[in-house]
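Below: the structure, in structure tokens.
The values are calculated or read from the model by the stated rules, or taken from the named source; none is laboratory data. Since we're looking at a predicted model, the values are computed, not measured. Don't worry about glycine lacking a Cβ; one is built from the backbone with ideal geometry, like all the others, and counts go over all protein chains shown. Side chains included, ligands, DNA and RNA excluded: accessible areas come from the protein's heavy atoms. Shrake-Rupley method; radii C 1.70, N 1.55, O 1.52, S 1.80 Å.
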Amino acid sequence: MLFAFLAVLFILAGCGSSNSTEAVPSRDLGTSAGNLRVGELAIDSRAVGEDLEVSVIEPAGHSATKRPLLIFLHGAGGSNESFLANEAVLAGMTRLGRKAPVIAFPDGEESWWHKRASGDWGRYVVREVIPAVSRRFDADPRRVAIGGISMGGFGAYHLGLVYRDRFCAVGGHSAGLWPQGGEEFPGAFDNQDDYERNDILAKVNADPDAYGDTPIWNDYGDADWFVPGNAAFVAALRRGNADLTAHVWPGGHDGTYWDAHWPEYLRFYATALANC
């Protein structure tokens with residue numbers, strides 16, 4: 001396979017003072033990967049209280065201006081390394097050429113990317129990951145988009161609400177959304193109170209313009225587990241004036257579906273970042 005040769009393993013000793021970072025030098029992925037580079041840093045997170053790794057894919061070569069930044073959140077069972085050797089991701093980045101952003105993939109464990117007993121995972125992303133990646137990889141901290149798959153899609157939508165107007169675009173791909181409490185993925189919330197505090201559908205139903213002018217993306221497969229929740233999310237935003245792009249394509253909740261659409265995902269983020 002095109003990128004089968006990519007067996008990139010980084011070993012980090014996450015030490016240092018609170019909220020410090022430790023970086024591993026970037027590695028070239030080679031011409032077959034479009035002259036992309038991959039790097040990694042460790043964040044001694046004050047928000048979460050542990051060392052967490054962030055993997056980064058960046059275009060190689062000099063840029064006259066700081067590149068925009070895409071924060072992409074992994075799903076349940078994933079990690080910061082989930083997309084590093086993904087052919088669809090790398091090919092999509094290559095096709096973008098000079099429009100390609102820096103992409104950061106933070107490790108969120110099984111957090112569902114919100115403030116809960118295990119830590120303030122939203123603050124970790126916004127107040128720690130974005131500044132650290134921007135400094136280390138010379139990205140523009142003012143031009144940032146956020147997206148994610150499954151659990152990560154929930155996280156992107158949640159953080160887009162909590163930090164309204166912070167992001168140039170917010171995207172969810174097969175986002176983990178439920179029409180009502182009690183149906184959620186096991187471990188997604190600490191308890192009912194945690195669910196209600198972070199109920200995205202309740203928030204957008206109460207205010208269909210909750211995201212303001214921020215471009216929003218939603219897609220899911222017609223055989224996905226989360227069809228009802230995503231359909232309800234789209235319906236709520238369409239009652240307002242949201243800048244919404246929404247798709248329902250054939251497929252399920254799996255890598256085959258997402259890999260088929262990474263080019264569309266990356267074009268959406270690159271366009272929104274260019275216009276931000």
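Okay, here's what the table says:
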{"quantity": "Options N218, N230, N241: the member that is surrounded by fewer than 18 Cβ atoms within 10 Å (Cβ to Cβ) and either among the charged types (D, E, K, R) or out of contact with any Lys or Arg (no Cβ under 7 Å at 6 or more places or on another chain) (or both)", "calculated": "N241"}
{"quantity": "Sole residue being within 20 Å of G171 (Cα to Cα), of a type in the set (A, V, I, L, M, F, W, C) and out of contact with any helix residue (DSSP H, G or I) (no Cβ under 9 Å at 6 or more places or on another chain), chosen from V129, V125, V54", "calculated": "V129"}
{"quantity": "Hits in the stretch 147-167 (condition: buried (at least 24 other Cβ atoms within 10 Å of the Cβ) and outside any helix (DSSP H, G or I))", "calculated": "G147, G148, I149, S150, F167"}
{"quantity": "Counted residues, the stretch 200-215 - those being of a type outside the set (D, E, K, R) and either in a helix (DSSP H, G or I) or open to solvent by 70 Å² or more (accessible area, probe 1.4 Å) (or both)", "calculated": "6"}
{"quantity": "Pair list, Cβ < 6 Å and 6+ apart or interchain, from the stretch 229-244 residues that are in contact (Cβ under 8 Å) with a residue 12 or more places away in the chain to residues that are open to solvent by 30 Å² or more (accessible area, probe 1.4 Å) and part of a helix (DSSP H, G or I)", "calculated": "A236/N205"}
{"quantity": "Qualifying residue in the stretch 112-126 (condition: touching a Phe, Trp or Tyr at 6+ places or on another chain (Cβ under 9 Å), open to solvent by less than 10 Å² (accessible area, probe 1.4 Å), at negative phi and not in a helix (DSSP H, G or I))", "calculated": "yes"}
{"quantity": "Meets criteria (open to solvent by less than 40 Å² (accessible area, probe 1.4 Å), over 19 Å from the mean Cα position of the chain (by Cα), closer than 29 Å to A42 by Cα and modelled with pLDDT under 95) for D190", "calculated": "no"}
